[in-house]
1. Please report the equivalent ellipsoid semi-axes of the range 231-355, computed as sqrt(5 x eigenvalue) of the Cα gyration tensor, largest first, in whole Å.
2. Cut-off 10 angstrom, C-alpha nodes, Gaussian network model of the chain. Which of Tyr217, Tyr83, Tyr249 fluctuates the most?
3. Strictly under 4.7 angstrom between C-beta atoms: which cysteines of the chain have no such partner?
4. Figure the gain on full extension for Ala288 and Gln195 (residue separation times 0.36 nm, minus the Cα-Cα span) and round it to one decimal in nm.
5. Just how far, in whole angstrom, is the range 229-257 from the range 280-311 if you go by their alpha carbon centroids?
6. Which ³J(HN,Hα) values in Hz, rounded to whole numbers, follow from the phi angles of the range 243-253 under the Karplus curve 6.51 cos²θ - 1.76 cosθ + 1.60, where θ = phi - 60° and Gly and Pro get x?
7. In terms of the ratio Rg/(2.2 N^0.38 Å) built on C-alpha atoms, what value belongs to the chain?
8. Enter the per residue convex hull volume of the range 212-279, computed from alpha-carbon coordinates, in Å³ rounded to the nearest integer.
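We did not get these values from a lab; they are worked out from the coordinates using the rules stated. Quantities reported herein were computed from a predicted structural model and do not represent experimental measurements. Counting neighbours? That spans all protein chains shown, and the Cβs are built from the backbone with ideal geometry, glycine included.
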Amino acid sequence: MSLNAEQLQALMLQIRRWSSELGFSGVAVSDTDLSIHEPGLQAWLDAGYHGDMHYMESHGMKRARPAELVPGTIRVLSLRMDYLPADQGWRERERARQNDASQAVISVYARGRDYHKVLRQRLQQLADKIASVTGPFGHRVFTDSAPVMEVELARKAGLGWRGKHTLLLSRDAGSWFFLGEIYVDIPLPVDTPTQAHCGTCTRCMAVCPTQAIRAPYQLDARRCISYLTIELKGSIPLEFRPLIGNRVYGCDDCQLICPWNAFAQSNPASDFAVRHGLDAARLVDLFAWTEAEFLSRMQGSAIRRIGYVRWLRNLAVGLGNAKPSAAVIAALNARLDDPSALVREHVQWALAQHT
């Protein structure tokens, strides 16, 4: 079905209404030309900043060429969904937990249901609604699940600007949100990019425990705690273990310090409600979970994808950085003969920190 300019404008108005009904807090449209970012992407890969994420290398420039990834694509719908808990004082509580070495700090986004599933379902529902007007059309939905330059697409569409920590920032929502995309073959009217508003601020760079933000807008994933605790499959380098502190899945430091997150929006949806007390869990308690308990409690969680062995690896590092106590030492000693050599290595390192 071919739509004229007036019909396309009317469809866009419907898309904005539908997206709001589906729980999205922002939607904007861009074209597919990301060629200006190809040299930077190649330089980042050449520097090895992607670490062991070899899929980023194998995808090559498809990340910057939407029409190569999904032939026929001429527009990209970028959508934002906030995920903060609907309560007050969360920033102060997060900082307090980071300073309590007995606590297991898990990135806020991972405490509820797996966002991949939540967003993917709702993006497809939005695509179905579009099809109800246009008839069948070429499209594909993405949620951090393919070679997509989601921040640059969202920036180009006007949802925000790229912060120096490389995350998307919005004047009215900070950075505590997920992004999702729908590649489409419909010539929807495009939106206008917004200006950047970081100015001379470098707080995100200064606060990073491992100095992973090597320069403004340049992240060395190999040093990033999120990479080390989630993407890295092997042994965590010795130099980073003390710097990780009690962060056992992801890291929110650069977001917690960002002034724009004073305007972050909460989401009352039950999907992102905290499960299994992960906002107040102790390292010792989580380290005592059996594999069956881990798999059961992490069912439907993004955390489950790292598996039980890496979960224990991360917790062992946290326990190595905890204040020495009988409970900490006993917990580590109980894992000295763990079936996994990876776990045993990190347990031995943790015990050595307390001798």
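1. On the way: eigenvalues 143, 67, 37 Å².
Semi-axes from the Cα gyration tensor: 27, 18, 14 Å.
2. Tyr217
3. Within the chain, the cysteines lacking a partner Cβ under 4.7 Å are Cys198, Cys201, Cys208, Cys224, Cys251, Cys258.
4. Values: separation 93, 0.36 × 93 = 33.48 nm, distance 4.85 nm.
That works out to 28.6 nm of additional length.
5. Using only Cα atoms to place each centre, the spacing works out to 17 Å.
6. For the range 243-253, the Karplus curve yields 6, 5, x, 10, 7, 10, 7, x, 7, 10, 4 Hz.
7. On the way: Rg = 21.4 Å, N = 355, 2.2 N^0.38 = 20.5 Å.
Rg over 2.2 N^0.38 Å, computed on Cα atoms: 1.05.
8. Details: hull volume 9.3 nm³, N = 68.
Dividing the Cα hull volume of the range 212-279 by its residue count gives 137 Å³.
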